[in-house]
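Asks: Below: one structure in structure tokens.
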Amino acid sequence: MRIPKQIKAIILDIDGTLIDSEDGLWWVLFQGILKELNMQPQKKSTFLTHAGEFSRHLTRSLSGKAKKEAMGKIREYIHKNYMKHINKVSIFSDTIPTLKGLKKKGLTLATVTNTPRNLSFPTVQKFGLPKYFKTMVFRYDVKKIKPAPDMLLLALKRLNLKASQVIYIGDKHTDKIAARAAGIYFIGLKTAGNKRIERLNQIVKMV
């Protein structure tokens, strides 16, 4: 499927798309959460498959009060330990050149992430990224996070644009589902989408 014409903005996922946080920070947190919940160790490949929604993965067999308590423990553990491991996050080498290239073409940029603002913003601020974005949507800005379309729909509202005027780039299947539900053209970074790219900087020549 061809990229739509008259694109005015690009929305980007953060973790795994702009910054490399999953192999380091989130993997460490995931292992700690398993211990906190008295669960058996899991392979890194399993974690990477569910990165971005591992809370749901770990609690999928629970229900009612047990699930609510487990989700609470996961949130508490993340908020308590995230900043301790922020040094394990790095920025992909082509992130800033890509953002500069897109801005040079006159495109408006925005981000959406399932990570809470108080954790994600200091992380991207560390690399000087916020200045490139007109709006940033975080967990708790909406009732339902990805794969629900709510974050993307809120970004569209803030940008005052239609779905047909925007491209969304992400690295996970949940990103694809969210984009489809929002009616937005999805470009998958090393994952399936309306179009797939292997490096983020490929998008500059495509739009």
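What follows draws every value from the coordinates through simple rules; no lab data is involved. Quick caveat, the model's predicted, so the values are computed rather than measured. Cβ: placed from backbone, ideal geometry, glycine included. Neighbour counts: every protein chain shown.
Asks: Can you give me the long-range amide H partners of T135? Hydrogens built in the peptide plane at 1.01 Å from N, cutoff under 5 Å, separation of 5 or more residues or another chain.
Replies: T111
Asks: Which order do S45, S93 fall in if you start with the one that has the fewest other Cβ atoms within 10 Å? Before the final figure, lay out each step's value.
Replies: Working: S45 7, S93 12.
With the sparsest Cβ surroundings first, the list reads S45, S93.
Asks: For T108, which sequence-distant residues (separation of 5 or more, or a different chain) have an amide H within less than 5 Å of its own amide H, given hydrogens modelled in the peptide plane?
Replies: A9, I10
Asks: D for region 22-88, whole µm²/s, Stokes-Einstein with Kirkwood Rh over alpha-carbon pairs at 25 °C and 0.890 mPa s: what number?
Replies: Estimated via Stokes-Einstein, D reaches 202 µm²/s.
Asks: Could you list which residues have their amide H under 5 Å from that of T115, counting only those 5 or more apart in sequence or on another chain, with H placed in the peptide plane?
Replies: R139
Asks: Continuing with the same structure: Specify the angular offset, from 0 to 90 degrees and rounded to the nearest 10, of the alpha carbon long axis of helix 173-182 from the longest principal axis of the alpha carbons in the chain.
Replies: With both axes taken from Cα atoms, the answer is about 50 degrees.
Asks: I would also like to ask the following. Just want the ordering: I167, I10, I177, from fewest to most Cβ atoms lying within 10 Å of their own Cβ.
Replies: Sorted ascending by nearby Cβ count, the order is I177, I10, I167.
Asks: If all Cα-Cα distances of the chain are sorted into 10 Å bins from 0 onward, what percent lands in each bin, rounded to whole numbers?
Replies: Percent of Cα pairs in each bin: 8, 36, 36, 16, 4, 0.
Asks: Enumerate the lysines that K131 could reach by cross-link, defined here as Cα to Cα under 19 Å, with residues fewer than 8 away along the same chain left out.
Replies: K8, K100, K103, K104, K105
Asks: Apply the Karplus parameterisation 6.51 cos²θ - 1.76 cosθ + 1.60, with θ equal to phi minus 60°, to every residue of region 191-207 and state each ³J(HN,Hα) to the nearest whole Hz, in sequence, with x for glycine and proline.
Replies: 8, 5, x, 4, 8, 10, 10, 9, 9, 4, 5, 5, 5, 4, 7, 8, 10
Asks: Another one. Residue by residue through region 127-138, which ³J(HN,Hα) values in whole Hz follow from phi under the Karplus form 6.51 cos²θ - 1.76 cosθ + 1.60 (θ = phi - 60°), with glycine and proline marked x?
Replies: 9, x, 8, x, 5, 7, 10, 6, 8, 9, 10, 10
Asks: To two decimal places, what compactness ratio does region 58-97 give when its Cα radius of gyration is scaled by 2.2 N^0.38 Å? Intermediate results must be reported in sequence, preceding the final value.
Replies: Values: Rg = 15.8 Å, N = 40, 2.2 N^0.38 = 8.9 Å.
Normalised Rg, Cα atoms only: 1.77.
Asks: Could you please state, rounded to a whole Å, how far the C-alpha centre of region 27-48 is from the C-alpha centre of region 69-144?
Replies: First find each Cα centre; the distance between them is then 22 Å.
Asks: Which of the residue pairs K65/K134; K65/K157; K80/K195; K144/K190; K5/K84; K44/K144 have a Cα-Cα distance greater than 32 Å in the structure shown?
Replies: Pairs exceeding the cut-off: K65/K134; K65/K157; K80/K195; K5/K84.
Asks: Okay, moving on. Report the local net charge at N194: Lys and Arg +1, Asp and Glu -1, summed over other residues whose C-beta lies under 13 Å from its C-beta.
Replies: Overall, the nearby charge balance is +4.
Asks: Let me ask another. What share of all Cα pairs of region 99-169, in percent, falls into each consecutive 5 Å distance bin?
Replies: P(r) for region 99-169, in whole percents per bin: 3, 16, 27, 25, 19, 9, 1.
Asks: With θ set to phi - 60° and the Karplus curve 6.51 cos²θ - 1.76 cosθ + 1.60, what are the ³J(HN,Hα) couplings of region 80-97 in order, to the nearest whole Hz, using x for Gly and Pro?
Replies: Couplings: 7, 10, 3, 5, 5, 10, 4, 5, 8, 8, 10, 9, 5, 4, 9, 4, 5, x Hz.
Asks: Would you calculate a helix-derived [θ] at 222 nm for the chain, using -39,500 (n - 2.57) for each DSSP H run of n ≥ 4 and dividing by the full residue count, to the nearest 500?
Replies: -11500 deg cm²/dmol
Asks: Of L200, L37, L152, L109, how do they rank once you tally other Cβ atoms within 10 Å and put the fewest first?
Replies: Placing the least packed residue first, the sequence is L37, L109, L200, L152.
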